[in-house]
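**Student:** Take a look at the following structure, please.
The values are calculated or read from the model by the stated rules, or taken from the named source; none is laboratory data. Just so it is clear, the structure is predicted and the values come from calculations on it, not from any experiment. Heads up, the Cβs are rebuilt from the backbone with ideal geometry, glycines too, and the neighbour counts pull from every protein chain shown.
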Amino acid sequence: MPEFILVNPQVAPFVAHLQLNRPKELNALNLELMLEIKEALIQLDADPKVRAIVISGNERAFAAGADIKQMAGRTAMDMLKIDQFSTWDSIRKTKKPMIAAVSGFALGGGCELAMICDIIIASETAQFGQPEINIGIMPGAGGTQRLTRIVGKNKAMELVLTGTFISAQQAHYYGLANKVVPIEFYLSEAIKMATLIAEKSPLAVQLAKESVLRAYEMPLQEALYFERKNFYMLFASEDQKEGMAAFVEKRKPEFTGK
Ligand code: DAK
């Protein structure tokens, strides 16, 4: 049984909820918690009853970053040997869509975890930041890269170099948060968004997610080629036949993921 997370595989039809649960430490991401997230996501990714995953913390904190107390005494060689990147890489490779429901602090590794998710729903109280600079380091799990691609170079520089936080409204303005809602709705709104996605063909969702992510990782021409292959591939699915037949017959499609 995991110690630092709670997993509900069916918080809504085809939607799972993974909650970070280290509230006293503001969900600081120690190695154990990260491994638990990794293992849970591997299981949820393989579960055909799950089509979308909501990741949240609690009202006070999504996650206040990597566990500074655990990291404080480490040497470069310790960091190399621990190889946390394999954990983060595994999380990043989750095929199903992940929606971060962010309330309170999403800092450092917490902001990076939210950015690995595909969509961010923020409560009005959310604060995002990459404050690693305040403790003599810099972002190490994609913060300088994903944040820059999302908010642009100058705003990313400001956040990464000054360590200051931005509010949910600012995060929304800069395209980091998809939506800002009152605190009482941040989780339900994320579940609602996940449910909307979970109603689609899971194959189409998976390939569409994969294709959008290629926009970050490949030159345009190659990424367009990748998109095209995925597009063709979906015409081999029963869901494509069902989706188009349902449109023609004026009924709701029933996607099976085949
Ligand atoms: N680590 C450990 N404990 C933390 C923590 C953290 N990041 N953040 C908060 N806590 C703990 C506090 O120590 C405190 O514990 P006690 O003293 O009560 O035992 C408790 O949570 C409540 O925090 P505060 O008392 O400080 O609460 P406040 O409301 O006054 O302040 C705060 C909230 C979020 C502004 C403040 O706690 C804070 O500044 N926290 C640190 C934020 C931060 O610097 N985050 C970045 C950490 S560095 C990597 C991947 C990722 C990373 C690195 C490597 N690899 C793949 C290699 C990521 C690095 C980081 O995130």
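**Student:** I'd like the residue in region 161-188 that is among the hydrophobic types (A, V, I, L, M, F, W, C) and more than 13 Å from G129 (Cα to Cα) and, out of all such residues, is nearest to the ligand (Cβ to nearest atom). First the steps, then the outcome.
**Tutor:** Of all residues in region 161-188, those among the hydrophobic types (A, V, I, L, M, F, W, C) come to 161, 165-166, 168, 171, 176-177, 180-181, 183, 185, 187.
Of the ones still in play, those that are also more than 13 Å from G129 (Cα to Cα) are 180-181, 183, 185, 187.
Working: V180: 19, V181: 22, I183: 16, F185: 23, L187: 20 Å.
The selected residue is I183.
**Student:** Six or more apart or on different chains, Cβ under 6 Å: which pairs go from a residue in region 127-145 that's under 18 Å from M79 (Cα atoms) and in contact (Cβ under 8 Å) with a residue 40 or more places away in the chain to one that's near the ligand (Cβ under 8 Å from one of its atoms) and part of a helix (DSSP H, G or I)? Could you list them?
**Tutor:** Sorted first by the residue in region 127-145, then by its partner, the pairs are A141/W88; A141/G109; A141/E112; G142/E112.
**Student:** Scan region 183-218 residue by residue and report those that are buried (at least 16 other Cβ atoms within 10 Å of the Cβ) and of a type in the set (A, V, I, L, M).
**Tutor:** L187, A190, I191, M193, A194, I197, A198, L203, A204, V205, L207, A208
To keep it simple, each residue is scored yes or no on (1) among the small types (G, A, S); (2) outside any helix (DSSP H, G or I); (3) farther than 16 Å from A114 by Cα; (4) without any contact (Cβ under 8 Å) to a residue 40 or more places away in the chain.
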{"site": "L176", "(1), (2), (3), (4)": "no, yes, no, no"}
{"site": "K192", "(1), (2), (3), (4)": "no, no, yes, yes"}
{"site": "L196", "(1), (2), (3), (4)": "no, no, yes, yes"}
{"site": "K200", "(1), (2), (3), (4)": "no, yes, yes, no"}
{"site": "E210", "(1), (2), (3), (4)": "no, no, yes, no"}
{"site": "A215", "(1), (2), (3), (4)": "yes, no, yes, yes"}
{"site": "Q221", "(1), (2), (3), (4)": "no, no, yes, yes"}
{"site": "L224", "(1), (2), (3), (4)": "no, no, yes, yes"}
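**Student:** Within the set of pairs 6+ apart or on separate chains, which have a first residue in region 81-93 that is more than 9 Å from the ligand (Cβ to nearest atom), a second that is not hydrophobic (A, V, I, L, M, F, W, C), and C-beta atoms under 7 Å apart?
**Tutor:** Pairs found: S90/K38; I91/K38.
**Student:** Among the residues of region 40-52, are any among the charged types (D, E, K, R), more than 16 Å from the ligand (Cβ to nearest atom) and free of Cβ contacts under 8 Å to residues at least 40 places away in the same chain? Please lay out each step first, then the result.
**Tutor:** We begin by selecting, within region 40-52, every residue among the charged types (D, E, K, R); these are 45, 47, 49, 51.
With more than 16 Å from the ligand (Cβ to nearest atom) added as a condition, the list becomes 45, 47, 49, 51.
Subset that is free of Cβ contacts under 8 Å to residues at least 40 places away in the same chain: 47.
Yes, the conditions are met somewhere in region 40-52.
**Student:** Could you grab the pairs with beta carbons closer than 8 Å, sequence gap of 6+ or different chains, first residue in region 1-17 and at positive phi and surrounded by 20 or more Cβ atoms within 10 Å (Cβ to Cβ), second one among the polar types (S, T, N, Q) and at pLDDT 95 or above?
**Tutor:** Here the result reads F14/T195, each pair linking region 1-17 to a residue that is among the polar types (S, T, N, Q) and at pLDDT 95 or above.
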